Amino acid sequence: MPDAPAPAASSAPVPVPSHFQSFLAFDFGLKRTGVASGNRLLATATPQATIKAEGDARFAQVEARIKEWQPDALVIGVPYHPDGAPHENTRRAQKFARQLRGRFNLQVFEVDERYSTTEALSSGARDADAASACIILEQFLRSLP
C-alpha cells in the first residue's frame with residue numbers, strides 16, 4: 001500500500017478583517033527572531049532589529065516591539081520541508097504563535113515561510129533574520145484582498 005501524501009503545509013487561509021491595517025511579523029528562531037513591521041496600505045515591510053534572546057527572555061523584547069508599533073495583528077513565519085511536511089521547527093514556530101496569542105491577546109496569522117532565509121541570504125541582507133521577517137510579511141500582505 002503506498003504511503004499517504006504529506007499533509008498540506010497550510011489549511012484554508014484565515015480571513016483577515018479589513019480594519020486590520022498594521023502588522024508586526026516574526027521569523028522565529030531558537031536563538032534569534034527576525035522582526036519586521038508593515039501595513040496593508042503600502043503592502044511593504046520594514047526590517048526591525050532582530051531579537052537576540054532565547055526562551056521566555058524573548059517575550060520582553062516582543063512586548064516592547066508590540067508597545068512601540070501597536071500592530072493590529074501579528075504574522076509568524078512557519079517553516080516546512082520542501083514537500084510541505086512539517087518538522088520540529090514547524091512545531092516550535094506554531095508553539096511560538098500560540099504563546100503570542102495567549103500573552104498579547106492579538107490575532108496571529110501563520111505564513112508558510114519556506115525559502116525565506118535562502119531568499120534573504122541571496123539578496124545579500126546584512127541581517128538575514130530581519131530580512132526573512134520582511135519577506136514573510138510582504139508575502140502575507142500580498143495575499144490580502
The stretch 40-88: C-alpha gyration tensor shape, a/c 1.5 cut-off, then a/b vs b/c: oblate
In the stretch 73-118, what is the volume of the convex hull around the alpha carbon atoms, normalised per residue and reported in Å³? 63
Give the Cα extents of the stretch 61-145 along the principal axes, in whole Å, largest first. 32, 30, 28
Listed by chain and number, the residues whose amide H is under 5 Å from that of I76, excluding neighbours fewer than 5 places away on the same chain and using placed H, are F26, F109, E110, V111
Please turn the phi angles of the stretch 40-57 into ³J(HN,Hα) values with the Karplus equation 6.51 cos²θ - 1.76 cosθ + 1.60 (θ = phi - 60°), one per residue in order, whole Hz, x for glycine and proline. 5, 4, 8, 6, 10, 10, 10, x, 10, 4, 5, 7, 10, 8, 10, x, 5, 4
Sequence-separation-based contact order of the chain, relative, with Cα cut under 8 Å and 6+ spacing, percent: 31
Could you work out the helix-only [θ] at 222 nm for the chain, with each DSSP H run of four or more residues adding -39,500 (n - 2.57) and the total divided by the number of residues, to the nearest 500 deg cm²/dmol? -11500 deg cm²/dmol
Once you have the Cα-Cα distance between S22 and L144, take 0.36 nm times their residue separation minus that, and quote the gain in nm to one decimal. 42.7 nm
Counting residues in the chain as N, plug N into 2.2 N^0.38 Å and put the Cα Rg over that result. 1.02
For T46 and L106, calculate 0.36 nm times their separation in residues minus their Cα-Cα distance, and state this gained length in nm to one decimal. 19.6 nm
Would you mind ranking I136, I76 so that the residue whose beta carbon has the fewest other beta carbons within 10 Å leads the list? I76, I136
Gain on full stretching of the segment that runs from K95 to A64 - 0.36 nm per residue minus C-alpha separation: 9.1 nm
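Taken together, the values in this text are just the output of simple stated rules run on the coordinates, not laboratory data. Small disclaimer: the values here were computed from a predicted structure and weren't measured. Cβ coordinates were reconstructed from backbone atoms using ideal geometry, including for glycine residues, and neighbour counts include every protein chain displayed.
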